[in-house]
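Read through the structure below, which is laid out as structure tokens, and then see the notes.
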Amino acid sequence: MAKKKIQVRRRGVERPVRSTAPKAVETATQQAVAESASEHISPTGNAGKMLREIAQGRKEYIGGIGFTTSDDPRISIHPELRHFIPKLTRQEKAKLRESILRDGCRDAILLWRAGEDEWFIVDGHNRYAICHELDLEFPYRLTDFSGLPEAKSFMLDLQLGKRNLVKWQVSYFRGMKYVQSKNQHGGHRTSSEQNVHLGNNADEASEQNVHLKKVSERLAEEFGVSHMTIQRDARFYQGVEALPKDVRERLMNRVVRINKQFVEQVGAKRNDRFADPNEVMDYLKGKLSLDEENATEKDREWIKEYLPDAAPATSPRPEFDAKEFKKKELAKCRKMIKNISSDDKESVLKIYQDIVSIIKKEISENI
């Protein structure tokens, strides 16, 4: 089939992009959405299923595919949905920008029609931002949600289905999902509040605890991790939410680095030791560093002035001497092994295997 050229408007500048006949535009865009779902969405999760249904035309839309620009006054980002939009790194943004410059915005941006003239972006925020920067038209589709909770649930599942998240981001969104699921059943109450609510009925309290355990076990099965990992994820999520806003935003944008365990401790103790934001800041001093790939000069000044006791952003990590480390650790092991009987051999081997597993986990979870 012969192809025609169509033009993408760019404020007085016409730029030819790859296209098909007008009748096939919707089919081509649906195919692009299908490719996007296949490439970026995992096989499990409600969001992956929803996008595949959208791509295959099984979900009812409000109208067909439309085209508009970023200055459309109906389109915006809901303030309560910003949490679900991880920022791209410079390299990721450059690749997406290059793709849009070359091929145009292939994938339709998904919009939630909350009102006749009030549309919120639920998928395609980065494409939208680049189209705004380049002054390009983009395709969009409208869909409906029953309200903000359903939109949040969809966007949360969407993020958890993506494969380009770093490990701590996956942990953050899993923790958010656990906390939201728990709170839907009153699990956010303190133990004293639960007793009042349940009329001090031990059977009902026990039933609720069983339910909360089932939540962690269900999510653990869904994501292929242990229920203890889900609970650590919840502490990490709560710790991130307890951080001062400027620290939290830089962490979510991958500008600031901080050990995951430090954040979990903030989440575990946010109701007592870290109730005061100043206590959180005192705790964080010396524990923050910058990711040089994403940090700006403003960020470098911020970490010096706002956290004067923090390690300088440009200071290198101490050089790790693997040979010396191995020598010292082997010496310690040999000294201990001398006192072990042959009957304890299997137990000792199991202990060292457990230690290796713990070390691997600690290294992988270091942000």
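No value in this document is a laboratory result; all are computed from the given coordinates. A quick note: this is a predicted structure, and the numbers were derived from the prediction, not measured. Backbone-built Cβ (ideal geometry, glycine too); neighbour counts: all protein chains shown.
Full extension of the segment from Q91 to E279, taken as 0.36 nm per residue of separation minus the current Cα-Cα distance, would add 64.1 nm. Charge tally for A151 (other residues, Cβ to Cβ under 12 Å; Lys, Arg +1; Asp, Glu -1): -3. Each residue of region 80-96 is assigned a 3J(HN,Hα), and the resulting list reads 7, 9, 5, 4, 9, 10, x, 6, 6, 6, 4, 5, 5, 5, 4, 5, 5 Hz, derived from the Karplus form 6.51 cos²θ - 1.76 cosθ + 1.60 (θ = phi - 60°), x at Gly and Pro.
Near the amide H of I109, within less than 5 Å, lie the amide hydrogens of Y140, R141, all on another chain or at least 5 residues away, with H placed in the peptide plane. Determine which residues of region 93-120 fall in the zone a paramagnetic label at N253 would reach in this model, i.e. backbone nitrogen under 16 Å from the point 7 Å along Cα→Cβ. Once the point is set 7 Å along Cα→Cβ of N253, 93-94 turn out to lie under 16 Å by backbone N, inside region 93-120. Each peptide in 238-250, 79-91 receives the mean, over its residues, of other Cβ atoms within 10 Å, and ordering these scores from highest gives 238-250, 79-91. For the peptides 222-232, 258-268, residues were scored by their other Cβ atoms within 10 Å and the scores averaged per peptide; the highest-first order is 258-268, 222-232. A Förster radius of 56 Å, combined with the Cβ-Cβ distance separating R74 from K287, puts the computed FRET efficiency at roughly 0.80. When peptides 297-303, 214-220 are ranked by their average number of other Cβ atoms within 10 Å per residue, the highest-first order is 214-220, 297-303. Computed extension length for E98-V356: 88.6 nm, one decimal, from 0.36 nm per residue of separation with the Cα-Cα distance subtracted. Rounded to the nearest Hz, the phi-derived 3J(HN,Hα) couplings of region 322-336 under the Karplus curve 6.51 cos²θ - 1.76 cosθ + 1.60 (θ = phi - 60°) are 5, 5, 5, 4, 4, 4, 5, 5, 5, 4, 5, 4, 4, 5, 6, where x marks glycine and proline.
Give the dimensionless ratio obtained when the Cα radius of gyration of region 322-364 is divided by 2.2 N^0.38 Å. Walk me through the intermediate numbers first.
Working: Rg = 12.1 Å, N = 43, 2.2 N^0.38 = 9.2 Å.
Ratio of Cα Rg to 2.2 N^0.38 Å: 1.32.
Close amide-amide hydrogen proximity is noted between R257 and S289, L290, D291, each under 5 Å apart and 5 or more residues distant or on a separate chain (H modeled in the peptide plane; Pro and chain starts excluded).
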